[in-house]
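Read the figures in this text as sums done on the coordinates, not as results from a lab. None of these values were measured; they are calculated from a predicted model. Counting neighbours? That spans all protein chains shown, and the Cβs are built from the backbone with ideal geometry, glycine included.
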Amino acid sequence: MRLPDAQVAVLRAASATDAKTVEQLAAETDRKPETVTRAAFDLRDDGLVAVDERTESTATLTDEGREYAAAALPEVRLYRAAVDAGAADEPVSMGEVIGAAGLSGAEVDIALSNYARKGYGDIDSGALTADPDADPDADAEAAALDALADGASEGGDGGDGDAGDASDADVDDDTLDQLERRGLVDRDERTVRAVTLTDDGVTAMMEGVETSETVDRLTPEMLTSGEWADAEFAEYNVEADAPAVEGGRVHVLRQAAERVKDVLVGMGFREMDGPHADAEFWINDCLFMPQDHPARTHWDQFALDVPPVRDLPEDLLDRVEDAHRDGVGDDGDGYHSPWAESVAREVDLRGHTTSLSMRYLSGQQVGELEEPQRYFSVEKVYRNDTLDATHLLEFFQIEGWVMAEELSVRDLMGTFTEFYEQFGITDVRFKPHYNPYTEPSFELFGRHPETDELIEIGNSGLFREEVLTPLGVDCDVMAWGLALERLAMLTTGAEDIRDLHGTLADVEFLRNAEVTY
Amino acid sequence: MPVVDIDTDELRALTGHGEKTDEEFEADLFALGLEYEGETEDGDKQFEFAPDRLDRLSVEGVARSLRYQYGDARGVHVPDPNSPDWTIEVDPSVPDERPYVTGAVVRGVDLDEAALDSLIQLQEKLHATMGRGRAKGAIGIHDLTMLKGAGLGTAGGSLDLGGSLGAGGADTGGTDAGPVIDDDALDGSEPPESLDEGPARGSGENSITYRGVEPDGDQFVPLDADAAMTPGEVLTEHPTGETYADLVEGLERYPAIYDEIGLFSFPPVINGRRTEVSTDSRDLFIELTGTDQWTIDKMCVVLCYALSARGGAIEEIEVVYQGDTYPEEYGPELVRPDLDTDEKTVGHDRIETVLGVELDREEVVDLFERSGLDASYTLGEETTRYDVTIPPYRVDVLHPLDLIDDVGRAYGFDELEPRYPDVGTVGGRHERSRLERAVRTALVGLGFEDTLNFHMTAADENYERMQIEEGSGAFGAEEAVGITSPYSEDYTQLRTWALPSLVQVLENNTHRSYPQDLAEVGFVAHRDDDENTRVAEARRVAGVVARTDATYEDAKARLQAVCDDFDAELETPAVDHPSFIPGRAAAVELDGERVGVVGELHPAVLVDHDVEVPVAAFEFDLSGLA
């Protein structure tokens, strides 16, 4: 029989009558314990040896434990000092006894707290009594410390673990637990494997076992020389863990954005692009948001410290102002709110990407658009909110709109139902809602795929005529928006949005995030 | 969004639907657009809704909407008011900043604790919404029996009354500490002459006056206080006064309302204690002041409808503006509350298009009526037109489209079958977003972890901690776009470059294993007044290689690989850049254009960020790869 070198060595060293531990075999064969273990398991799989496993626990003294083993436990010292001071007969001042016992620092507290627990006596308002019947020589913890201290010194020579084992056996578990709690002992568990030859193993040995010539690594030389043809390759443990490799990956939220973009492009949407810092005109006024709307205060949006925007399309500016003041159409009413061009010209960070939709619909961004059109963006927006596990000051908004003749609420519902189904959200509900810029408007609700909770997943509607008419759009436009982070949290199960986004990001979280596709 | 607190027992009583469970109400209200949010400490249910139907800011309004939804009520209902007995005279001394006033009298209200709570809630919610935090409109509700109307006809009587005012002061709030009338103060407040020659007089028997008062003028005892104070003292010594002080800050005269006894209300800050409303109050006097007549009139109407639902009889008042400042569209003499209905016309075909269903005319009329509107139709050549009457408490109907929304809600949007629109369009990505994606893919292929950082930062992070000075000309040192009155000192400007963000990520991950090779393709911006928005926006490609043996070459090798991928010709002439070790920094030139920087980060930068391994880094403009 031909076997790899290590297996032959282990087989030869093993005995059919004496179980030998891996450590013993390693010493005898002059090989590493891991090599012997692997060889032993391979031999066991071939039925040539038996491997007996048992768990062994060892207890070793900590530095503090060793100290007490040498100088006696603080409470024992306290008791002896107390007895010497006559506390067995009448209470004695605690300070005096502590001094006599030579206790200082942390030892004092340790001594006092264990003194009463072990029944050495009582401590009452600074006075100490000692129980004359207590026997410090019978202190189980002290005895255990001594036993472990002896065991450790004995075990020093062999290093085969027997010494620790023996001392462990002398001490009962409760006492060891107690010593561990006190930080005097460290306990460790390990598996001890012992190897014996099986009958098959004995037979194989009698028939003769030879070492097979194995090759560890395939080399370029072997390939060119043709040597590889006669080589036997050493078997690897192919189940063992390999060293960790950290490849790079696209940010998990970018992956989510890519997924959304894929879906929308598939549904016939083109992508928009435009400024993050923009005139309030595009961000709010075009959207028929009255200038005294609460969402337009700087508590809600970020105003920038720059001069007003240089150019706005003058005729559009006039039409938007008219819509705000007098409404649109014969029966239209305007707002009873102040309106000033200077406000419209102020530059803010966009609070929504609907500013892009306004720029595109106005014909200012890519020229006049003929219906039908579908457009989208997945871009960053800025809100002056409180930063917490579900809110960021900056987040990605998914924005989309469809421009066509005679769009109805049913078309809107059909489009969004289709979109959300791509993300496993079925049964979308439409709650009638109000936005200054759409009518009818709907908040979209869906069931969380895991918790089954009804949660808000978007906001939608048909743009009002007060929005479209000034922009020069004479057909219908339906639009919707939602936070990408909300969709991502929903589909990835992330619980704190701050792990995902921003400089507080945890690199480990990013390394371990599951891929979105 | 507004939240209304609702006692469902009240809702059962006011709707007449004692059999409805709380859960049924929750479902019915969801259909109306009111979302259940939770419970208050007192066990009231809280519902959040969008700020259009402000007539639903109290249980009375919600009950009214439900009665329409249940079909118990139909069409427009307008209370029939009694003719006026009281007049509010507006004296020209009223501050220009708060010129308008309106009001109503409501008699015979049955105010138990719940009704009073509801009234207070409605007042607060109207302040928060239409009233824009009391700035645009503020409400004062008073116990009418505590008011003493100055008799009309005695010209100037209401103000030319130093003695009366003093006497009234002694009565104020029943305290001994009657205000001492300071002659100087009275002179200062100067009863205007126009009062004597006032062009108009209300026909009611009683009048009160809306006028201006000197900050240190007349005293009154405000709510929740025991001592008389001047308006100025209220602003500094009374908690409510402190809260609303900024609304009257800088005014020469403060808004004030007087009856024959004296000052009893200091809008928009606080009412006087004398006229405080309690559960014993039966007759109420409501006054509203503000910056827009329409807004305060509508707030008044919402209040009147709520009190009418509590059995109150509405009584008109007259408002007479004696100076030149009166609402242009209504003239100087008004009768309020303005319970006039509005009319709008909407076409049948538009309704069908928006809802996507076919409807017959009677059904549409029925749906209007179930929405609390009245409608009649005329057959036109192209389409049937509905003339729709809108009740005065509606503040949200700006356009006929808003009426179609009402029809849809009454029809039940849930009843509509979704359909995918039969419209063909061609989809596609924006070129920049395709380029960004391709660069990210290349970086990830080189082993970089892609990061996503905030665009907002602080000057300290962007400049100082990178050892550069704003405006110094170094790459990344461009002038900042600052955020106006920032909320947080961590976010005071837009980042001018991306490397500081990556170094911050390194700083926050020193406990994680190395190597840490991080990259970002992201937004930066700086101030540039030549730009239309004054902000120059750009996308940058940035990377850091942080490992125990990182050197300049590690950054350059990866930079080179990315540039090769996009067939951009890279040159790296040496530059001085304070963020990098001298002699180990270079400009990134792509196809001859200087677009970035590459180098080994300066130890001072690393130590300041607690990074204990060398870091090689690069950043350049994404457009260099295009």
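Per-structure values
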{"item": "CD proxy at 222 nm, helix term only [per DSSP H run n ≥ 4: -39500 (n - 2.57); per residue of chain B; nearest 500]", "result": "-8000 deg cm²/dmol"}
{"item": "Prolate/oblate/rounded call for the protein assembly as shown, Cα gyration tensor, a/c under 1.5 rounded", "result": "prolate"}
{"item": "Peptide ranges B:88-101, A:432-445, A:119-132 listed from the most packed, as the mean C-beta count within 10 angstrom indicates", "result": "A:432-445, B:88-101, A:119-132"}
{"item": "Prolate/oblate/rounded call for the range B:342-415, Cα gyration tensor, a/c under 1.5 rounded", "result": "oblate"}
{"item": "For A:257-270, mean number of other protein chain Cβ atoms within 10 Å", "result": "3"}
{"item": "By average C-beta atoms within 10 angstrom, highest first, the peptides B:324-330, A:333-339, B:452-458, A:506-512", "result": "B:452-458, A:333-339, A:506-512, B:324-330"}
{"item": "Straight-distance crosslink candidates among lysines, where the alpha carbon sits under 22 Å from B:Lys344 and sequence neighbours closer than 8 are dropped", "result": "B:Lys298"}
{"item": "Ranking of A:Met1, A:Met272 by count of other Cβ atoms within 10 Å, fewest first", "result": "A:Met1, A:Met272"}
{"item": "Shape of the range A:1-42, Cα gyration tensor, a/c cut at 1.5", "result": "oblate"}
{"item": "Dipole of the protein assembly as shown, positive end: most advanced residue of A:Tyr360, A:Val252, B:Phe618 [Cβ charges, Cα centre]", "result": "A:Tyr360"}
{"item": "Length released on extending from B:Glu26 to B:Thr236, taking residue separation times 0.36 nm less the Cα-Cα span", "result": "71.2 nm"}
{"item": "Calculated FRET value between B:Asp608 and A:Glu207, using beta carbons and R₀ = 51 Å, to 0.05", "result": "0.10"}
{"item": "Neighbouring partner chain Cβ atoms per residue of A:506-512, average, 10 Å criterion", "result": "5"}
{"item": "Candidate lysines - alpha carbon under 21 Å from B:Lys556, same-chain residues fewer than 8 apart omitted", "result": "none"}
{"item": "Shielding score for A:495-501, defined as the mean number of other chain Cβ atoms within 10 Å", "result": "1"}
{"item": "Dipole in debye (nearest 20) - chain B, about Cα centre, beta carbon charges: Lys, Arg +1; Asp, Glu -1", "result": "1340 debye"}
{"item": "The range B:570-626, relative contact order in percent, only Cα pairs under 8 angstrom and at least six apart counted", "result": "29 percent"}
{"item": "Links that overshoot a 28 Å alpha carbon limit, given the list B:Lys20/B:Lys136; A:Lys380/B:Lys45; A:Lys261/A:Lys431", "result": "B:Lys20/B:Lys136; A:Lys380/B:Lys45"}
{"item": "Those lysines that a straight Cα-Cα span of less than 30 Å connects to A:Lys32, excepting residues fewer than 8 apart in one chain", "result": "A:Lys20"}
